[in-house]
1. Would you give the gap between the C-alpha center of region 110-179 and the C-alpha center of region 18-40, rounded to a whole Å?
2. List the aspartates and glutamates whose alpha-carbon lies under 19 Å from that of K151, not counting same-chain residues fewer than 8 positions away?
3. Between C175 and V119, how many nm apart are label points set 7 Å from Cα along the C-beta direction?
4. For region 128-169, report the translational diffusion coefficient in µm²/s to the nearest whole number, using Stokes-Einstein at 37 °C, 0.692 mPa s, and a Kirkwood Rh over Cα pairs.
5. Using the basic label-point model (7 angstrom from Cα toward the beta carbon), what is the E128 to T12 distance in nanometres?
6. Select from Q74, Q96, Q168 the residue whose mean-square fluctuation is largest in a Gaussian network model of the chain (Cα-Cα springs shorter than 10 Å).
7. Reported to two decimal places, what Rg/Rh ratio describes the chain when computed on Cα atoms with Rh from the Kirkwood expression?
8. Can you give me the angle between helix 104-116 and the longest principal axis of the chain, using Cα atoms only, in degrees from 0 to 90, rounded to the nearest 10?
Amino acid sequence: MNKIKTNFQGQTIFVGMDIHKASWNLGIYLNDMFIKNIHQKPNPSVMAAFLNQHFPGAKYKAAYEAGKFGFWIQRQLTQLGIECLVVNPADIPKSQKDTLQKTDPRDARNIALRLQSGVLHSIHIPDEQQEADRVFFRHRKRIWKDLTRCKNRIKGMLAFSGIDIPEQYDNANWCHNFI
């Protein structure tokens, strides 16, 4: 018996993604109807292969919340032919039930539902150079704050022990002689 191959030509599959380091939850909608939740490895190629196998010929549109994973997922999905939005989590409408009964599959379904209803809009996606510059400057700022915190701890320990810092050295610039 031959299997009839369904063709989704002209259809749009909406995919809400709840992403984590170890796995992704996908909520899939088609024509205002929830199809299924998928739990998969955190890999854009695995997602694209699943969609192409189960919904051949369709147009795919996905969305996930902006967060610690940055924009690499969006870039890879776009290269694989999947339109992908990165959305501000505060811009995703949630019911009280969604807030009280928070689960990864429920979050993925909600993102897909809001995506297919057209209420989600992508945040600005910087190009790779802009993103690298941001990461560099944020990391530099974090290191500078850590250095200041360490210096303040040392000065606090000296003050606690009753050790006075000579006036010419009591500033933010620590020279070799002071150290």
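No lab work stands behind these numbers, since they all come straight from the coordinates. This is a predicted model, so every value here is computed, not measured. We place every Cβ from the backbone using ideal geometry, glycine too, and count neighbours over all the protein chains shown.
1. 36
2. Excluding near neighbours in sequence, the set is D164, E167, D170.
3. Label at C175, label at V119, 6.3 nm between them.
4. Values: Rh = 12.5 Å.
Taking Rh from Cα pairs, D becomes 263 µm²/s.
5. 2.9
6. Result: Q168 has the largest fluctuation of those listed.
7. Checking Rg against Rh, the ratio lands at 1.25.
8. That works out to roughly 70 degrees.
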